[in-house]
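The values are calculated or read from the model by the stated rules, or taken from the named source; none is laboratory data. Keep in mind the model is a prediction, meaning the values are calculated, not measured. We place every Cβ from the backbone using ideal geometry, glycine too, and count neighbours over all the protein chains shown.
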Amino acid sequence: MIPISKPWLGKEEKDAVAKVLDSGIIASGPKVKEFEAAFAAFNGTKHAIAVANGTVSLHASLHAAGLKKGDKVICPSFTFIASANSILYQGCIPVFADVKEDTFNIDPKHVEKLLKQDMFHRIKAIMVVHLYGQVCEMDEINALAKKYGLKVIEDAAQAHGAKYKGTLAGKFGDFASYSLYATKNMASGEGGMIVTDSDEGARQLRVLINHGSDRVYYHTQIGYNYRMTDLEAAIGIEQLKKLPSFNEARRKNAARLKEAISKYGWVTAPFEGPENYHIFHQFTIKVKAGLRDRFLKHLNDNGVGAKIFYPIPVHKQPFYVEAMKYRVTLPVTERLAQEVISLPVHPQLTDAELKHIEKAFADFKE
Ligand SMILES: *Cc1c(COP(=O)(O)O)cnc(C)c1O
């Protein structure tokens with residue numbers, strides 16, 4: 001089976017981990033500091049704060065953005081559950097916005113509609129998700145945030161190195177959150193990174209992720225243990241150096257797949273906005289209504305590890321329906337959940353594997 005993702009780890013990562021093991025400092029130490037500095041330099045942000053994973057990085061970002069219990073936060077439902085759950089961790093209420101048919105990203109028009117309906121100004125922030133590696137329409141989002149006085153959090157878990165109008169993901173919001181989970185464009189096993197230009201935000205984050213202490217055993221607030229280890233940081237440093245080449249390889253694979261499938265009328269290739277630099281965390285196609293599940297089975301039966309991200313939108317998840325009593329309808333999100341399939345696009349795909357995927361398309365009887 002051609003896997004949907006495959007972390008690319010080499011001698012550099014191995015040697016770096018071995019050095020950390022030899023050093024005896026295996027929790028948060030000098031490597032975490034080094035990784036943070038490298039990531040901030042890469043992203044062009046003043047601060048980067050390394051954390052345990054991309055879920056707690058969202059939670060910590062919401063906290064540092066000043067969100068309080070009962071505040072509402074707009075976010076898409078067409079995303080991984082962690083985006084919305086992090087809002088619940090903070091005691092806040094997710095307000096789901098629909099996404100755009102072509103980009104799969106949050107629809108600024110629907111966001112505006114939700115804001116207009118918010119009579120008592122309970123919506124305090126927007127969490128955008130740069131889904132599959134493509135940055136959202138941040139000019140429109142940030143204009144709304146300014147007009148309504150909202151914080152903006154970027155869930156950039158799938159967008160390391162992606163650009164919009166020449167600017168890198170992570171540069172648009174008050175805080176941006178990355179994941180370094182094994183399947184992401186750069187990986188450290190588990191891990192997360194928060195970037196911000198705010199000095200006060202960064203200070204708060206450092207206290208928050210370390211049990212609410214800014215001095216050893218002196219706790220000014222409730223905090224968490226959200227720290228990263230030097231083992232993960234050592235891997236992350238090497239992965240960051242390789243990220244541009246990983247992303248370029250993904251783009252090349254995506255271009256080839258796009259070209260190969262363009263002749264089939266029953267599929268729609270992913271759309272790359274003219275102002276975007278898409279890093280293809282996923283190569284996600286839409287399949288004509290009713291055909292999707294049969295085509296997915298065909299791909300899987302023929303050795304192509306295609307997958308659905310995500311089969312059930314957050315607002316339709318049992319927990320959100322049964323415990324949280326969500327009853328909203330999001331037509332585009334709900335339709336896309338029935339139509340999408342993500343194909344392998346990872347940087348280690350071989351020519352033979354790409355040919356194999358192309359053949360699986362050719363062999364499908366519509
Ligand atoms: C992976 C991911 C997360 C969570 O990151 P973890 O490191 O797995 O906790 C959050 N949001 C999105 C969109 C993701 O893809």
Positions within the stretch 165-205 being surrounded by 24 or more Cβ atoms within 10 Å (Cβ to Cβ), within 10 Å of the ligand (Cβ to nearest atom) and among the hydroxyl-bearing types (S, T, Y), in sequence order: S177, Y178, S179, S188
Some residue of the stretch 143-156 being modelled with pLDDT of 95 or more and over 25 Å from L115 (Cα atoms): no
Filter result for A337 (small (G, A, S) and within 16 Å of the ligand (Cβ to nearest atom)): yes
Filtered residue count, the stretch 308-366, keeping only those that are among the polar types (S, T, N, Q), free of Cβ contacts under 8 Å to residues at least 40 places away in the same chain and farther than 24 Å from D102 by Cα: 1
Test result for D174, charged (D, E, K, R), within 25 Å of A41 (Cβ to Cβ) and in contact with a Ser or Thr (Cβ under 6 Å, 6 or more places away or on another chain): no
Selected residue (criterion: farthest from K6 (Cα to Cα)) from residues of the stretch 244-262 that are of a type in the set (K, R) and out of contact with any Gly (no Cβ under 8 Å at 6 or more places or on another chain): K258
One residue from V111, V73, V51 being buried (at least 17 other Cβ atoms within 10 Å of the Cβ), away from the ligand (no atom under 16 Å from the Cβ) and not aromatic (F, W, Y): V111
Flag for G236 being in contact with a Ser or Thr (Cβ under 8 Å, 6 or more places away or on another chain), in contact (Cβ under 8 Å) with a residue 40 or more places away in the chain, farther than 28 Å from A289 by Cα and buried (at least 16 other Cβ atoms within 10 Å of the Cβ): yes
A48 vs. criteria within 15 Å of M186 (Cβ to Cβ) and modelled with pLDDT of 95 or more: yes
Every residue from the stretch 347-366 that is farther than 13 Å from L296 by Cα, part of a helix (DSSP H, G or I) and either out of contact with any Pro (no Cβ under 9 Å at 6 or more places or on another chain) or of a type outside the set (D, E) (or both): D351, A352, L354, K355, H356, E358, K359, A362
Qualifying position, being away from the ligand (no atom under 15 Å from the Cβ), of a type in the set (K, R) and not in a strand (DSSP E or B), among K124, K146: K146
